[in-house]
Amino acid sequence: MPELPEVETLVTELACALGNQKISGLEIRNPSLLETPRSWFEKEIPGRKIVRVGRRGKFISVYLSEGLVLWFHLGMTGQLLLKESLPSATHVHFILSFEDSTQRLFYRDVRRFGRIVLTSDEEEAFPKAVRELGPEPWDWAPEAFVSFVKGRRARIKSLLLDQRVVAGLGNIYADESLYRAGIHPLRRAEEVPRTRLSRLHQSICEVLQEAIECGGSSIDDYLHLDGAKGQFQEFHQVYGRTGGGCVACGTPIRKIKLSGRSSSYCPRCQK
């Protein structure tokens, strides 16, 4: 699933490519992905300009003129691609056309777990999942993060994946952050020393920033707006490296299951 760095990369690219563009039309091929009525999309979107593009957690927010926001959540396999045409239109569910561009914005999603929502720009009208998000990683003051996590009994990896705790963090970057902080993913949050939790907060912010600078991680489906791949997967230290040697000690990386999700770690560096 695309996480904060992948979504942030797309937001930056969308803002550069589509800022102030006027939407000339849309095509809805699969209305089951829409969380607001199809008729509202068809009536309200054409003719509006894109004012700005933002991100909240893993949600992309496209602010339109006259007070509307178009939200995209990519789910597990969603892609946003800006092209004149696609070699294959299979699994394309939503298309936007623009007045001053021959390129169109395609939303493609093989597994169809993504969501597209249209709301007003009033915060109380935002999707419920957005309103329930916790702070962005950089919005947590280090001491506040440490105190909050220290007071929880949940396993530390599960806590990090809770979007009400850290918005935008997912499986890849939780594993990478825990590795850098030297914390086992199964450890209870309340049992982790405060010094380690402080290091964890720092690691989360560093890993996410490094991933953004590399354009995200392309593991399966994630692509840039132009179809290019991200590069941060080349720098993963534990995620996707099961059986490979730890970069610090050489111990083979292990993978375990936690609440149905895989967790990669070094058994020596993360005891």
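If N is the number of residues in the chain, what value comes out of its Cα radius of gyration divided by 2.2 N^0.38 Å?
Details: Rg = 19.7 Å, N = 271, 2.2 N^0.38 = 18.5 Å.
Cα-based Rg divided by the globular estimate yields 1.07.
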**Item:** Electrostatic dipole magnitude of region 112-271 [Cβ: Lys, Arg +1; Asp, Glu -1; Cα centre; debye, to 20]
**Value:** 1280
**Item:** Proximal lysines relative to residue 83, as straight alpha-carbon distance under 21 Å, when same-chain residues fewer than 8 apart are discounted
**Value:** 22, 49, 229
**Complete:** Listed with the fewest Cβ neighbours within 10 Å leading, 16, 205 appear as 16, 205
**Request:** Please turn the phi angles of region 27-38 into ³J(HN,Hα) values with the Karplus equation 6.51 cos²θ - 1.76 cosθ + 1.60 (θ = phi - 60°), one per residue in order, whole Hz, x for glycine and proline.
**Result:** 10, 10, 9, 9, x, 5, 7, 7, 9, 10, x, 4
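Counting other Cβ atoms within 10 Å, which GluC sites (Glu not before Pro) in region 109-192 have at most 14 and lie in a DSSP loop? Don't skip to the answer; put the middle values down first.
On the way: sites: 122, 123, 124, 132, 143, 176, 190, 191; in loops: 122, 132.
The qualifying sites are 122, 132.
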**Item:** Distance between modelled label sites at residue 90 and residue 111, nm, 7 Å Cα→Cβ extension
**Value:** 1.8
**Prompt:** Which whole-angstrom value gives the distance between the alpha carbon centres of region 71-102 and region 142-159?
**Reply:** 38
**Message:** Just want to confirm a number: the relative contact order over the chain, from Cα pairs under 8 angstrom separated by 6+ residues, in percent.
**Reply:** 18
**Request:** Please report, largest first and rounded to whole Å, the three semi-axes of the ellipsoid equivalent to region 4-126, where each semi-axis is the square root of five times an eigenvalue of the C-alpha gyration tensor.
**Result:** 18, 17, 16
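Kindly give Rg over Rh for region 192-248, based on alpha-carbon atoms, with the Kirkwood expression for the hydrodynamic radius.
So for region 192-248, dividing Rg by the Kirkwood Rh gives 1.07.
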**Message:** Along the charge dipole of the chain, pointing to its positive end and built from +1/-1 on Cβ of Lys, Arg, Asp and Glu, which listed residue (1, 231, 156) has its Cα farthest out?
**Reply:** 156
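As a test of understanding, state the convex hull volume per residue of region 152-271 from its alpha carbons, in Å³.
Per residue, the Cα convex hull of region 152-271 comes to 105 Å³.
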**Complete:** Percent relative contact order for region 4-131, counting Cα pairs under 8 Å at least six residues apart, stands at 28
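Just rank 249, 266, fewest to most, by other beta-carbon atoms within 10 angstrom.
249, 266
Every number here is computed from the coordinates shown, using simple stated rules; none is lab data. Not measured: the values here are computed from a predicted model. Here the Cβ is made from the backbone with ideal geometry for all residues, glycine too, and neighbour counts use every protein chain on show.
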